[in-house]
Amino acid sequence: MESQLSDIRREYKKNKLAKENLSSDPFEQFQHWLDDALHSGEEEPTAMIIATVSADGHPSTRTVLLKGLENGKFIFFTNYESRKGQQLAGNPYISLSFVWHKLERQIHIEGKAVKCSPEESDAYFASRPYKSKIGAIISPQSHVIRSRMEIMRAFAFEAAKWAGQTIKRPDNWGGFAVTPTRFEFWQGRESRLHDRFQYTLEKDGNWKKERLAP
Ligand SMILES: Cc1cc2nc3c(=O)[nH]c(=O)nc-3n(C[C@H](O)[C@H](O)[C@H](O)COP(=O)(O)O)c2cc1C
């Protein structure tokens, strides 16, 4: 039976937002919502879709996992020579989107990404499972390969090479730290009259909080 995409819809009625109930600090508000998501039964509550832009202005998106929120910076890890890594090297502006369907919520964040220090990347790399470390070493992420066999062979070879040793982080793999200049908190409401609030960073360093039309 052909599915009728146009018929798929549901009402959002789980919650609502009022300006006075939102923290004046968007990081604190983010932490509240992340805590809710972590307890919501959402499959991947730390998954975020990140958008980057190529040198010729073409946007692209993919999912990564948030691995830290430290000193006002959102941290994720990846291959620096991947498509996203190359795009960020040319244009550091980035947006992050969290979508938590069970809570009928989304958060959008815009800001600038810089590479984490080698020490920060080393510390996170050291915490990864053995096989993930090998995978990070052997995968030329986002580059064309001939076959899955090619990558499986490289995996077996590298795993044998490092057997019994501490695996060193490859230079082309590490973290990015995103410093936000804008946040948007979205709560689904009935009849598509959703609640939306944006926080924008002002010149004096304060965050301005405003309601947006749904
Ligand atoms: C739930 C989920 C989590 C992911 N987490 C990461 C991650 O933390 N880092 C990463 O490099 N890729 C992650 N990926 C894979 C990316 O979405 C993407 O395929 C890969 O990074 C290559 O992207 P690029 O070619 O745009 O650079 C994840 C994918 C999914 C579905």
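Brief remarks on what is shown
- Note on the chain: helix-only mean residue ellipticity at 222 nm, from DSSP H runs of 4+ residues weighted -39500 (n - 2.57) and normalised by residue number, equals -8000 deg cm²/dmol.
- For the cross-link pairs Lys14/Lys67; Lys67/Lys168; Lys115/Lys209, the ones whose C-alpha atoms lie over 24 Å apart are Lys14/Lys67; Lys115/Lys209.
- All lysines inside 23 Å of Lys161 as judged from Cα atoms, apart from same-chain residues fewer than 8 positions distant: Lys131, Lys133
- Cross-link reach list, aspartates and glutamates versus Lys208, counting only Cα pairs under 14 Å and skipping chain neighbours closer than eight places: Glu20, Asp25, Glu184
- Cross-link partners of Lys84 among aspartates and glutamates, defined as those whose alpha carbon lies under 12 angstrom from its own and excluding same-chain residues fewer than eight positions apart, are absent.
- Between segment 125-191 and segment 46-102, the alpha-carbon center distance in angstrom: 14
- Taking GluC sites (Glu not before Pro) as exposed when their DSSP state is a loop state and no more than 11 other Cβ atoms lie within 10 Å, the longest site-free interval of the chain runs over 44-201.
- Along the axis of the charge dipole computed for segment 1-83 (Cβ charges of +1 for Lys and Arg, -1 for Asp and Glu, origin at the Cα centre), the listed residues Gly72, Leu17, Leu34 are led at the positive end by Leu17.
- Comparing Pro118, Pro180, Pro92 in a Gaussian network model of the chain where C-alpha atoms under 10 Å apart are linked, the largest mean-square fluctuation is found at Pro118.
Here, each number is a calculation from the coordinates, and none is a lab measurement. The model shown is predicted, which means the values in this text are computed figures rather than measured ones. Note: ideal-geometry Cβ built from the backbone for every residue, glycine included; neighbour counts use all protein chains shown.
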